[in-house]
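Student: Dropping a structure here in structure tokens format, bear with me for questions.
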Amino acid sequence: MDKSAVDDLRERVHGRVVTPADVEYEPARRVYNAMIDRRPRVVVQATNVGDVRATVDFARDGDLDLAVRGGGHSVPGYGTCDDGVVLDLSGMRGVRVDPRTATARAEGGATWGDLDSATHAFGLATPGGIVSTTGIGGLTLGGGIGHLDRSLGLSCDNLRSADVVTADGRFLVVGPDDEADLFWALRGGGGNFGVVTSMEFGLHPVCDVYAGLVFFDLAHAADVLHFYRDLIQTADERLSVFPAFQIAPPLPFVPVERHGEPLVGLVTCWAGPMQDAERAVAPIREVAPPVAEHLGPMPYPALNSMFDALVPPGMQHYWKTALARELTDEAIAAHCEFGPRLPALNSTVHIYPINGAVHRVDSGATAFANRDMTFATVIAGIWPDPADNETNIRWVRDYYQAVAPYSADAGYVNFMSGDDQPRTPTNYRDNYDRLVAVKQAYDPDNLFHLNQNIVP
């Protein structure tokens, strides 16, 4: 790629075009997962849709790999590449809320913190993840599991329309009645079909929630998991609960003598009337004697940023995911064996419920196919020191192998690592063939292949 080509790109782009010769190159090429160390030829820090179109044209015409980066949290490092082009959307983070229609439109580089802050001012919210620095684009395109799923559905279920730049450089506004096949594929099919430059979400009257977590001794881990399994089958859908194995951080509500000790917790969110909150969460406090509790009223954005401090940029990441219809006794035994072996303060294991409103959407209605699953486990290996990579990766893999016999042959693309790429067809199950057809229509040459890839 000669200098004239880059100069031409700079002429077309309003944002900054960064190459290895620029002093900004090192920070521009870094991604959230410090295990990923790649050196693109050029990083385009887009500020508008015109920049996106110019960058897509540049990569396609130059036969270069194209990595699209939104929030940058991709564990496999799909937001960067070696010797190719990175399209960085993080400069496009505007959010506009329309309280009359209860909708919000957010640009493709916005994070959930950006969106939550804007919507909360109107007493509204849409289902997001559990870390506020996560990008809205990656989470929604992969499905979107979070605290409000049981009552309001996945993030992708609340997507109303999207602006997309396709591989041939076209700009499309897609929705249920416009480019309907593409709109279907965007809701769970990942970044396979184009660059999503903005998303419109439906909003709901969620302002303050009764939420937090309760920690218990590991001796009660099996009791906690059995309780969760039974509770979540019939609980009011406005109640979200999920268990977590976590090394106790040095927080004020955790007794000092328990800091640094592995515990099991229940993360809770009641999104119904506040006067009903104590009754709704009362059974959680009765599972076993709590070690520590931080549970009470809080703004929804505070809940959605509760885990931010545990997952700062620059950590090493390696994750696995397992979906299941049932949390069997055998699976609980495996969790109780491997969960307490957390290798680092930042590592965690969450078992999310994906029932309630998620189940009321047909498996073929969106690309997210796993509507018959009830539990989504993420084994998130997160640690600071690269010297510990081999040991910590082994913990994640051994844990996954232990729960795999009690899990479905399906997965969640947002929780997968780079070596899970062969599982992509089984992740999408009966929807995969339709996704291939959409891919053939909108990206036949697979320009957008740096993802959990659907091969045209």
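The values are calculated or read from the model by the stated rules, or taken from the named source; none is laboratory data. These figures come from a predicted structure and were not determined experimentally. All Cβ positions, even for glycine, are placed from backbone atoms using ideal geometry, and neighbour counts span all protein chains on display. Just so you know, the surface numbers come from the protein's heavy atoms only, side chains and all, with ligands and any DNA or RNA stripped out. Shrake-Rupley method; radii C 1.70, N 1.55, O 1.52, S 1.80 Å.
Student: Look through segment 333-347, keep the residues that are buried (at least 22 other Cβ atoms within 10 Å of the Cβ) and touching a Leu at 6+ places or on another chain (Cβ under 7 Å), and return whichever of them is nearest to Q401 (Cα to Cα).
Tutor: The extreme case among them is H335.
Student: Which of the following residues is open to solvent by less than 30 Å² (accessible area, probe 1.4 Å), in contact (Cβ under 8 Å) with a residue 12 or more places away in the chain, of a type in the set (D, E) and within 25 Å of P176 (Cβ to Cβ): D443, D430, D420?
Tutor: D443
Student: Does segment 321-330 contain at least one residue that is in contact (Cβ under 8 Å) with a residue 12 or more places away in the chain, under 23 Å from R229 (Cβ atoms), part of a loop (DSSP other than H, G, I, E, B) and more than 23 Å from the chain's Cα centre (by Cα)?
Tutor: Checking segment 321-330: at least one residue is in contact (Cβ under 8 Å) with a residue 12 or more places away in the chain, under 23 Å from R229 (Cβ atoms), part of a loop (DSSP other than H, G, I, E, B) and more than 23 Å from the chain's Cα centre (by Cα).
Student: Checking P299 against (1) within 29 Å of A344 (Cβ to Cβ); (2) touching a helix residue (DSSP H, G or I) at 6+ places or on another chain (Cβ under 9 Å), only one condition comes out false. Which one?
Tutor: (1)
Student: Going through R187, R160, R170 one at a time, which residue ends up being surrounded by 22 or more Cβ atoms within 10 Å (Cβ to Cβ) and of a type in the set (K, R)? Outline the logic, then answer.
Tutor: On the way: R160 fails: surrounded by 22 or more Cβ atoms within 10 Å (Cβ to Cβ); R170 fails: surrounded by 22 or more Cβ atoms within 10 Å (Cβ to Cβ).
Exactly one of R187, R160, R170 is surrounded by 22 or more Cβ atoms within 10 Å (Cβ to Cβ) and of a type in the set (K, R), namely R187.
Student: Which strands (runs of 3 or more DSSP E) does segment 168-259 wholly contain that include 2 or more residues that are more than 24 Å from P283 (Cα to Cα) and in contact (Cβ under 8 Å) with a residue 40 or more places away in the chain?
Tutor: 195-202
Student: Could you check G15 against (1) under 30 Å from D388 (Cα atoms); (2) in contact (Cβ under 8 Å) with a residue 60 or more places away in the chain and say which number it fails?
Tutor: Among (1) under 30 Å from D388 (Cα atoms); (2) in contact (Cβ under 8 Å) with a residue 60 or more places away in the chain, G15 violates only (1).
Student: Restricting the search to segment 302-315, which residues are open to solvent by 30 Å² or more (accessible area, probe 1.4 Å), within 17 Å of D114 (Cβ to Cβ) and of a type outside the set (A, V, I, L, M)?
Tutor: Across segment 302-315, the qualifying residues are S305, D308, P313.
Student: Being farther than 21 Å from N431 by Cα, in contact (Cβ under 8 Å) with a residue 40 or more places away in the chain and touching a Phe, Trp or Tyr at 6+ places or on another chain (Cβ under 8 Å) is the requirement here; does I145 meet it?
Tutor: Numbers: farther than 21 Å from N431 by Cα: no; in contact (Cβ under 8 Å) with a residue 40 or more places away in the chain: yes; touching a Phe, Trp or Tyr at 6+ places or on another chain (Cβ under 8 Å): yes.
The answer is no for I145.
Student: Let me ask something additional. Got a sec? Which of V31, V49, V75, V68 is touching a Leu at 6+ places or on another chain (Cβ under 9 Å) and touching a residue at least 12 places away in the same chain (Cβ under 8 Å)?
Tutor: Values: V31 fails: touching a Leu at 6+ places or on another chain (Cβ under 9 Å); V49 fails: touching a Leu at 6+ places or on another chain (Cβ under 9 Å); V75 fails: touching a Leu at 6+ places or on another chain (Cβ under 9 Å).
Result: V68 is the single residue among V31, V49, V75, V68 that is touching a Leu at 6+ places or on another chain (Cβ under 9 Å) and touching a residue at least 12 places away in the same chain (Cβ under 8 Å).
Student: Please go through segment 2-29 and pick out each residue that is among the acidic types (D, E) and more than 29 Å from the chain's Cα centre (by Cα).
Tutor: Correct list: D2, D7, D8, E11, D22.
Student: Quick check on segment 362-373. Is at least one of its residues surrounded by fewer than 16 Cβ atoms within 10 Å (Cβ to Cβ), at pLDDT 95 or above and in a helix (DSSP H, G or I)?
Tutor: no
Student: Answer yes or no: is there a residue in segment 55-62 that is among the β-branched types (V, I, T), closer than 22 Å to V196 by Cβ and without any contact (Cβ under 8 Å) to a residue 24 or more places away in the chain.
Tutor: Narrowing segment 55-62 to residues among the β-branched types (V, I, T): 55-56.
The next check asks that each one be closer than 22 Å to V196 by Cβ; those that pass are 55-56.
If we keep only those that are without any contact (Cβ under 8 Å) to a residue 24 or more places away in the chain too, we end up with none.
Within segment 55-62, not a single residue is among the β-branched types (V, I, T), closer than 22 Å to V196 by Cβ and without any contact (Cβ under 8 Å) to a residue 24 or more places away in the chain.
Student: Something else: Please specify each residue of segment 76-112 satisfying the condition of being among the β-branched types (V, I, T), surrounded by fewer than 23 Cβ atoms within 10 Å (Cβ to Cβ) and touching a helix residue (DSSP H, G or I) at 6+ places or on another chain (Cβ under 9 Å). Before you say what the answer is, go through the steps one by one.
Tutor: Within segment 76-112, the first condition is being among the β-branched types (V, I, T), and the residues that meet it are 80, 85-86, 95, 97, 101, 103, 111.
From the residues that got through so far, the ones that are surrounded by fewer than 23 Cβ atoms within 10 Å (Cβ to Cβ) too are 95, 97, 101, 103.
Of everything in segment 76-112, those that are among the β-branched types (V, I, T), surrounded by fewer than 23 Cβ atoms within 10 Å (Cβ to Cβ) and touching a helix residue (DSSP H, G or I) at 6+ places or on another chain (Cβ under 9 Å) turn out to be V95, V97.
Student: Please determine, by comparing only the residues of segment 27-53 that are touching a strand residue (DSSP E or B) at 6+ places or on another chain (Cβ under 8 Å) and over 19 Å from A110 (Cα atoms), which one is surrounded by the fewest Cβ atoms within 10 Å (Cβ to Cβ).
Tutor: Per the criteria, the residue is A34.
Student: Give the residues of segment 113-127 that are polar (S, T, N, Q) and either surrounded by 24 or more Cβ atoms within 10 Å (Cβ to Cβ) or closer than 10 Å to Y300 by Cβ (or both), sorted by residue number. Write out each step before concluding.
Tutor: Going residue by residue through segment 113-127, those that are polar (S, T, N, Q) are 117, 119, 126.
Selection gives T119, T126.
Student: Would you confirm whether any residue within segment 131-140 is part of a strand (DSSP E or B), modelled with pLDDT of 95 or more, in contact with a Ser or Thr (Cβ under 6 Å, 6 or more places away or on another chain) and surrounded by fewer than 24 Cβ atoms within 10 Å (Cβ to Cβ)?
Tutor: No, segment 131-140 contains no residue that is part of a strand (DSSP E or B), modelled with pLDDT of 95 or more, in contact with a Ser or Thr (Cβ under 6 Å, 6 or more places away or on another chain) and surrounded by fewer than 24 Cβ atoms within 10 Å (Cβ to Cβ).
Student: Could I ask something else about it? Among the residues of segment 1-12, write down those that are without any contact (Cβ under 8 Å) to a residue 24 or more places away in the chain and either open to solvent by less than 60 Å² (accessible area, probe 1.4 Å) or closer than 21 Å to T133 by Cβ (or both).
Tutor: D7
Student: Also, I was wondering about something else. Quick test of your reading of the structure: V264 fulfils all but one of (1) over 25 Å from P205 (Cβ atoms); (2) open to solvent by 40 Å² or more (accessible area, probe 1.4 Å); (3) modelled with pLDDT of 95 or more. Name the failing condition by number.
Tutor: Of everything listed in (1) over 25 Å from P205 (Cβ atoms); (2) open to solvent by 40 Å² or more (accessible area, probe 1.4 Å); (3) modelled with pLDDT of 95 or more, V264 misses just condition (2).
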